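The values are calculated or read from the model by the stated rules, or taken from the named source; none is laboratory data. Keep in mind that this is a model prediction, so the values were computed, not measured. With ideal geometry, Cβ positions are generated from the backbone for all residues, glycine too; neighbour counts draw on all protein chains shown. Each accessible area value is taken on the protein alone, full model and side chains, heavy atoms only, with ligands, DNA and RNA left out. Shrake-Rupley method; radii C 1.70, N 1.55, O 1.52, S 1.80 Å.
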Amino acid sequence: MGVPNLAEKLFVLSGYLKSHDIKQQEVADVLNKTLTTANRKIRGKIPFTVKEIQLLHDQLDVPILIFFES
């Protein structure tokens, strides 16, 4: 198995958002970012900060471990 790579982690995040009907616009609103920036973060083009991960957890109940496990 090994350590999950970024693409695997983001696949888990994207799947979680879809399965919980959390729209990218909701992520953008929570992060106070544009939809384009939120999309880039979800796709792994721009990394999430620790503060952003905490915001997603606190406001949308996204598990923190989703950013660290595959």
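Can you run down the residue pairs with Cβ atoms below 6 Å, 6 or more apart or on separate chains, where the first is in region 17-30 and within 13 Å of Gln59 (Cβ to Cβ) and the partner is open to solvent by 70 Å² or more (accessible area, probe 1.4 Å)?
Correct list of pairs: Ala28/Leu35; Val30/Gln59.
Can we say His20 is open to solvent by 30 Å² or more (accessible area, probe 1.4 Å), under 11 Å from the mean Cα position of the chain (by Cα) and of a type outside the set (Asp, Glu)?
Values: open to solvent by 30 Å² or more (accessible area, probe 1.4 Å): yes; under 11 Å from the mean Cα position of the chain (by Cα): no; of a type outside the set (Asp, Glu): yes.
So His20 does not fit the description; no.
Cβ-Cβ under 7 Å, sequence separation 6+ or interchain: first residue in region 51-70 and at negative phi and touching a residue at least 12 places away in the same chain (Cβ under 8 Å), partner in a helix (DSSP H, G or I) and open to solvent by 80 Å² or more (accessible area, probe 1.4 Å). Which pairs?
Short answer, once both residue conditions are applied: Ser70/Glu8.
With a cut-off of at least 2 residues that are at pLDDT below 95 and of a type in the set (A, V, I, L, M), name the helices (runs of 4 or more DSSP H) lying wholly within the chain.
By residue number, 6-19.
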